[in-house]
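The values are calculated or read from the model by the stated rules, or taken from the named source; none is laboratory data. No experiment lies behind these values; they were computed from the predicted model shown. Here the Cβ positions follow ideal geometry from the backbone for every residue, glycine too, while neighbour counts run over all protein chains shown. What goes into the accessible areas is simple: the full protein's heavy atoms, side chains included, and nothing from ligands, DNA or RNA. Shrake-Rupley method; radii C 1.70, N 1.55, O 1.52, S 1.80 Å.
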Amino acid sequence: MIRSGMSVTLPRLGDRDLRRPSAQDLAQSDGSYLQYFTGGADIRRRAPRKPIISDVFIVPSAFRVNDAEAAAFPDWGEVATPQALAEHYETHSRAMFEQSDLLFCPSQAVMDDVATYGAQYAQKCRLVPYGASLSNAGGTPEPGRVLFCGSLHLRKGVQYIRAAADMLRDSHPHIRFVMAGGATATMRAKLSAPNIEVLGHLGKADLMREFGRADLFLFPSLAEGAAGSVLEAMASGLPIVGTRAGGVDFSDGESGIVVPPRDPNAIADAVVRICDNRGLRDRMAQSVVREAEHYSLAAWETRFIGAIRDAF
């Protein structure tokens, strides 16, 4: 347990505003909590006996996932990570694993990915799911309106949404895939189809309206930490069709349907199963709202403080 008055050094993040903790900061704190070990090597050198907790906010192998998809879909406009940058990612991740005392992971997907780097690192992991400021979007769901929200990149699995849309275009013309998020001209062209609508980047108000219109939320991402858009969709009462790699461990069969990564057949089947069974869709909508409470800011605060207490 921590003692009364415990303090943790929390450097601000970002290339321009990272604050290097002063000697006094480090002396007076019980330890440091860092986003993906930002500034960690310096802190470890200056305060070698103080514990460091690193927040692993994305699966460490995300860049390799991106590279694999860029190779598999070479005409979709994305390229592999430059070698120097890939080496930097690997070096930084391994330094984080070695020098951090604990690794806070927002989802099981992150914990599983860390474990691939070594069992000794998996032992440092603690599951601490994020929270979000959640509110119900309201509105009236339009049957068959399937919403994706996020940047339109191969890592998000949009190429598999396109494949699923092609499968359903003739047999289920009432199902429409709506995609909100920034996209390159090449990506827009690749996603162009009669039953796909690419909205582009939306402001908060427009996005909330889309949550209100949607029948379900589709997020077949291949590598995340914990997708905030999934949490917003859950709070809006949208059943989820997504991968575990999407980073939110919703209840399969109750709040939505978990699909394997890179599987357009499973995506198509899950979408049809929910959209064409209104009773099932309504039950899942009720379940997902209840489950969203687990990801409220208040719930996150309780988890986070408890995990910090356990760490010290």
Please pick out the residue among 145, 188 that is surrounded by fewer than 18 Cβ atoms within 10 Å (Cβ to Cβ) and of a type in the set (Lys, Arg).
188
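Tell me, please, whether a residue that is charged (D, E, K, R) and surrounded by fewer than 19 Cβ atoms within 10 Å (Cβ to Cβ) can be found in the stretch 215-232.
Looking through the stretch 215-232, none of the residues is charged (D, E, K, R) and surrounded by fewer than 19 Cβ atoms within 10 Å (Cβ to Cβ).
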Give 62, 71 a once-over and let me know the one that is under 30 Å from residue 248 (Cβ atoms), open to solvent by 50 Å² or more (accessible area, probe 1.4 Å), at pLDDT 95 or above and of a type in the set (A, V, I, L, M, F, W, C).
71
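Among 303, 278, which is the only one that is out of contact with any Ser or Thr (no Cβ under 8 Å at 6 or more places or on another chain), open to solvent by 20 Å² or more (accessible area, probe 1.4 Å) and at pLDDT 95 or above?
Numbers: 303 fails: at pLDDT 95 or above.
Of 303, 278, the one residue that is out of contact with any Ser or Thr (no Cβ under 8 Å at 6 or more places or on another chain), open to solvent by 20 Å² or more (accessible area, probe 1.4 Å) and at pLDDT 95 or above is 278.
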So how many residues does the stretch 235-251 have that are outside any loop (DSSP other than H, G, I, E, B), modelled with pLDDT of 95 or more and within 24 Å of residue 138 (Cβ to Cβ)?
3
Give just the number: which of (1) free of Cβ contacts under 8 Å to residues at least 60 places away in the same chain; (2) open to solvent by 80 Å² or more (accessible area, probe 1.4 Å); (3) assigned to a helix (DSSP H, G or I) does residue 254 not satisfy?
(3)
Filter result (surrounded by 13 or more Cβ atoms within 10 Å (Cβ to Cβ) and under 30 Å from residue 109 (Cα atoms)) within the stretch 191-208
191, 196, 197, 198, 199, 202, 207, 208
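Does residue 85 fit the bill of being modelled with pLDDT of 95 or more and either more than 30 Å from residue 186 (Cβ to Cβ) or buried (at least 21 other Cβ atoms within 10 Å of the Cβ) (or both)? If you could, list the steps in order and put the result at the bottom.
Details: modelled with pLDDT of 95 or more: yes; either more than 30 Å from residue 186 (Cβ to Cβ) or buried (at least 21 other Cβ atoms within 10 Å of the Cβ) (or both): no.
Judged against the criteria, residue 85 is not a match.
Just checking, how many residues over the stretch 74-128 are acidic (Asp, Glu) and not in a helix (DSSP H, G or I)? Walk me through it before giving the result.
From the stretch 74-128, those acidic (Asp, Glu) are 75, 78, 87, 90, 98, 101, 112-113; that's our starting set.
Narrowing the set further to residues that are not in a helix (DSSP H, G or I) leaves 78, 101.
Counting residues in the stretch 74-128 that are acidic (Asp, Glu) and not in a helix (DSSP H, G or I) gives 2.
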Quick one: is residue 309 open to solvent by 20 Å² or more (accessible area, probe 1.4 Å) and under 20 Å from residue 133 (Cβ atoms)?
no
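On the basis of being among the charged types (D, E, K, R), in contact with a Phe, Trp or Tyr (Cβ under 7 Å, 6 or more places away or on another chain), at pLDDT 95 or above and under 22 Å from residue 122 (Cα atoms), does residue 101 make the cut?
Details: among the charged types (D, E, K, R): yes; in contact with a Phe, Trp or Tyr (Cβ under 7 Å, 6 or more places away or on another chain): no; at pLDDT 95 or above: yes; under 22 Å from residue 122 (Cα atoms): yes.
For residue 101, the condition - among the charged types (D, E, K, R), in contact with a Phe, Trp or Tyr (Cβ under 7 Å, 6 or more places away or on another chain), at pLDDT 95 or above and under 22 Å from residue 122 (Cα atoms) - is not met.
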